Amino acid sequence: MEEIIKKLIEEKSQVDTRRIKLHLFLESEKVSTVSAKQLSLLNIQSSIMNSYSQVLLERLQDLMSEHKQ
């Protein structure tokens, strides 16, 4: 169980790092260098990454509460 928790923590950290970098890009002036189609896809990607991060968090919380019992 602890190995699963460790892997999920690492995965969430990696996803959050990428998610933050994407968010910063979307808020920067550099965003004007991409096409409208790419911008649309990046926004979709950002939304999915946010959802994925939330799912990982909920899995971690669930596993950690089970682990305490």
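Computed values, structure above
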quantity: Qualifying residue in the stretch 19-35 (condition: touching a residue at least 40 places away in the same chain (Cβ under 8 Å) and open to solvent by less than 100 Å² (accessible area, probe 1.4 Å)); calculated: no
quantity: The lone exception for H67 - which of (1) open to solvent by less than 70 Å² (accessible area, probe 1.4 Å); (2) touching a residue at least 40 places away in the same chain (Cβ under 8 Å) it fails; calculated: (1)
quantity: Flag for I44 being exposed (fewer than 11 other Cβ atoms within 10 Å of the Cβ) and either among the aliphatic types (A, V, I, L, M) or not in a loop (DSSP other than H, G, I, E, B) (or both); calculated: yes
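The values are calculated or read from the model by the stated rules, or taken from the named source; none is laboratory data. Just so we're clear, the structure is a prediction, and the values are computed from it rather than from any experiment. We place every Cβ from the backbone using ideal geometry, glycine too, and count neighbours over all the protein chains shown. Heads up: the accessible areas ignore ligands, DNA and RNA and are worked out on the full protein's heavy atoms, side chains in. Shrake-Rupley method; radii C 1.70, N 1.55, O 1.52, S 1.80 Å.
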